[in-house]
């Protein structure tokens with residue numbers, strides 16, 4: 001079954017009757033997290049701005065118009081709970097009331113697909129020579145706006161760091177369409193060689209968790225970077241130089257041997 005999710009958007013319009021007073025309620029405007037179909041949906045409860053001057057009871061919630069998706073209900077305490085089972089856009093009106101006043105707000109509840117995380121690149125390389133090592137960034141976007149995500153280092157924790165700028169994907173109206181993860185490396189304490197690390201980008205309810213593969217070359221200048229050989233474990237440049245010297249000596253020996261197919265003809 002295709003994974004689906006819901007997003008609850010609160011409209012800005014507030015329907016209220018009567019003259020405002022110190023005991024008036026107001027339903028707070030905010031966005032609720034999305035939920036995945038066939039999984040329990042339990043976002044934080046709806047909130048109200050209550051001066052607390054009403055001597056009669058607490059605040060209760062009720063849906064007075066419209067409809068919720070099948071499988072979702074609103075409790076008197078303001079919780080939306082259940083499992084959505086149908087795709088679509090559902091409008092409903094919620095009334096909050098205490099013994100002194102009441103307020104009503106229309107809300108839109110959308111049933112959509114589950115989020116898909118995307119990264120701008122899955123491979124990043126750093127080279128440590130005599131100059132400074134500048135941070136690099138990877139863009140993170142998703143099919144859901146305002147999706148909170150994490151970036152954690154799975155391998156290479158000794159020298160690699162990954163820090164999200166906001167920790168959430170772009171929301172509607174943002175100037176940028178993606179967030180970024182800043183990657184930094186520190187060669188302190190590392191021997192010359194080639195290092196690999198991995199950064200996993202994940203979010204609750206996301207269909208997958210993209211992986212950023214980070215390569216770190218530690219050596220002297222471009223020569224050290226060019227001669228470093230990729231491997232799961234760091235490779236010493238001196239070991240590589242020794243191997244290169246052995247290969248060169250072996251080649252000279254082969255060239256010094258007479259070739260039977262090109263031997264000089266005898267008179």
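The values are calculated or read from the model by the stated rules, or taken from the named source; none is laboratory data. On a predicted model such as this, the values are computed, not experimentally measured, just so you know. Quick reminder, even Gly has a Cβ in these numbers, built from the backbone with ideal geometry, and neighbours come from all protein chains shown.
The table below gives the values:
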quantity	calculated
Looking only at segment 176-186, and only at residues there that are in a strand (DSSP E or B) and exposed (fewer than 15 other Cβ atoms within 10 Å of the Cβ), the one that is nearest to the chain's Cα centre (by Cα)	182
Identity of the residue in segment 187-203, assigned to a loop (DSSP other than H, G, I, E, B) and in contact (Cβ under 8 Å) with a residue 40 or more places away in the chain, that ends up nearest to residue 136 (Cα to Cα)	187
Members of segment 90-106 that are farther than 15 Å from residue 75 by Cβ and in contact (Cβ under 8 Å) with a residue 40 or more places away in the chain	93, 98, 99, 100, 101, 102, 103, 104, 105, 106
Residue 209, sole failed condition from (1) in a loop (DSSP other than H, G, I, E, B); (2) at pLDDT 95 or above; (3) closer than 26 Å to residue 132 by Cβ	(3)
Out of 51, 55, sole residue that is surrounded by fewer than 12 Cβ atoms within 10 Å (Cβ to Cβ), at pLDDT 75 or above, in a loop (DSSP other than H, G, I, E, B) and out of contact with any strand residue (DSSP E or B) (no Cβ under 8 Å at 6 or more places or on another chain)	55
Filter pass, residue 164 being farther than 20 Å from residue 135 by Cα and either surrounded by fewer than 14 Cβ atoms within 10 Å (Cβ to Cβ) or free of Cβ contacts under 8 Å to residues at least 40 places away in the same chain (or both)	no
Pair list, Cβ < 7 Å and 6+ apart or interchain, from segment 24-40 residues that are modelled with pLDDT of 80 or more to residues that are surrounded by 17 or more Cβ atoms within 10 Å (Cβ to Cβ) and in a loop (DSSP other than H, G, I, E, B)	24/101; 25/50; 25/59; 25/98; 25/101; 27/46; 36/114; 37/84
Matching residues, segment 123-133, being surrounded by 13 or more Cβ atoms within 10 Å (Cβ to Cβ) and in a loop (DSSP other than H, G, I, E, B)	129, 133
Unique residue being under 19 Å from residue 36 (Cβ atoms), crowded, with 19+ Cβ neighbours inside 10 Å and assigned by TED's automatic domain parsing to the domain that holds residue 25 when the list is 90, 61	90
Of all residues making up segment 158-174, the number that are more than 16 Å from residue 148 (Cβ to Cβ) and either not assigned by TED's automatic domain parsing to the domain that holds residue 136 or not in a loop (DSSP other than H, G, I, E, B) (or both)	2
Residue match in segment 29-39 (condition: surrounded by fewer than 13 Cβ atoms within 10 Å (Cβ to Cβ), assigned to a loop (DSSP other than H, G, I, E, B) and within 22 Å of the chain's Cα centre (by Cα))	yes
Sole exception among (1) in contact (Cβ under 8 Å) with a residue 40 or more places away in the chain; (2) in the same structural domain as residue 52 (by TED's automatic domain parsing); (3) surrounded by fewer than 17 Cβ atoms within 10 Å (Cβ to Cβ) for residue 137, by number	(2)
